[in-house]
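The values are calculated or read from the model by the stated rules, or taken from the named source; none is laboratory data. Since the structure is predicted, the reported quantities are computational estimates derived from the model, not experimental observations. Positions of Cβ are backbone-derived with ideal geometry, glycine not excepted, and every protein chain shown enters the neighbour counts.
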Amino acid sequence: MAEGVNRCLLLTDGLANRGITDHGELAHHAAQLRARGVSTSTFGVGNDFDEALLQSMAASGGGAFYYIENAAQIRDLIASEVGETLEVVARGVTLELLLPESVRVESLGAFPARGGTGRVDIELGDLVSGQQVEVPLRVSFGFGEVGDMLPAVLRLSDRDGVLDGSSARLAWQYADDRANDAQPRDREVDRQVAGIFAARARQRAVELNRRGEYQHASEELKATAKKIRGYAGSDPELGTIINGLLQEAEAFGHVMFESQRKAVFASNAYALRSRDIQGKARRGS
């Protein structure tokens, strides 16, 4: 229904091995449903499903991915998903960025970015009452003269106009190397980005461990810890992320149970979509 909150819930305990099996095509079908106003959330049950496929379908479909480790979780997660559906206050939310042509933007989390020159749209899906979402972005600039300004407009839109085009303006200024290096770091941004880097590294390590590439899985986590250490300084939260990655590198250097791999992949899928450790929407206090 055009005026309703429409949701497709896919529960599966297996793999895509009958009918349409191509991962890209399945994600494309979820995106087509989304374009018609139907979001897709996916639930992987047990230890035999393809978590990368279900995460991709949920991202393309504007929904959420969940890992159901045991039967007791089915009722809780389905109830949570249905409950969130009933609390939706804005459908099909998009963060629109209007930018100079020389500026390029990449979404670091799991929210897809679409567009190109002059405009980029970050699709956030449906938002529930009180939900908090972080959207880390990588912004790249072309060459410019010191002192030149690059303005940008950030605007929220949704299918029904509930957000009423809420917008903000900002600008970047070209500076020389000395002024750039003297600028203080935004530690909150550093922590958000480090969390994204760590989550992506863990998901890659899961696949490497599954393939028996234990040393590569361990090195993936160590390399990410080294990257974060390069700008962490004495920040305690960044230090915690680094230490966690190094400890996990030891575990990933050996064979793991499939249930462990599934749990690691899912918890980091939640982090990439700015959800809590159970996969539920984060709420403001």
### Query
Picking from ALA182, ALA168, which residue would you name as being of a type in the set (Gly, Ala, Ser) and more than 26 Å from the chain's Cα centre (by Cα)?
ALA182
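Matching residues to (1) acidic (Asp, Glu); (2) assigned by TED's automatic domain parsing to the domain that holds LEU53; (3) not in a loop (DSSP other than H, G, I, E, B):
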site	(1), (2), (3)
LYS222	no, no, yes
ILE242	no, no, yes
GLN247	no, no, yes
GLU250	yes, no, yes
PHE265	no, no, yes
GLN278	no, no, no
### Query
Restricting attention to the stretch 1-19, and to residues there that are in a loop (DSSP other than H, G, I, E, B) and within 18 Å of GLY44 (Cα to Cα), which single residue is modelled with the lowest pLDDT?
ASN17
### Query
Out of LEU53, LEU97, which single residue is crowded, with 19+ Cβ neighbours inside 10 Å and part of a helix (DSSP H, G or I)?
LEU53
### Task
Sort out which residues of the stretch 3-52 are out of contact with any Leu (no Cβ under 8 Å at 6 or more places or on another chain), of a type in the set (Val, Ile, Thr) and without any contact (Cβ under 8 Å) to a residue 24 or more places away in the chain, and write them in order of number.
THR21
### Task
Could you please find all residues in the stretch 140-194 being of a type in the set (Gly, Ala, Ser) and either assigned to a loop (DSSP other than H, G, I, E, B) or surrounded by 13 or more Cβ atoms within 10 Å (Cβ to Cβ) (or both)?
GLY142, GLY144, GLY147, ALA152, SER157, GLY161, GLY165, SER166, SER167, ALA175, ALA194
### Message
Just the residues that are touching a residue at least 60 places away in the same chain (Cβ under 8 Å) and within 7 Å of VAL45 (Cα to Cα), please, taken from the stretch 59-73.
### Response
TYR67, GLU69
### Summary
Screening ALA110, ALA152 for residues that are modelled with pLDDT under 90 and either closer than 27 Å to PHE197 by Cβ or out of contact with any His (no Cβ under 7 Å at 6 or more places or on another chain) (or both) leaves only ALA110
### Task
Being of a type in the set (A, V, I, L, M, F, W, C) and touching a residue at least 24 places away in the same chain (Cβ under 8 Å) is the filter; apply it to the stretch 211-241 and report the residue that is farthest from ILE196 (Cα to Cα).
ALA217
### Message
Take ALA179 and tell me if it is of a type in the set (Gly, Ala, Ser), free of Cβ contacts under 8 Å to residues at least 40 places away in the same chain and closer than 30 Å to GLY147 by Cβ.
### Response
yes
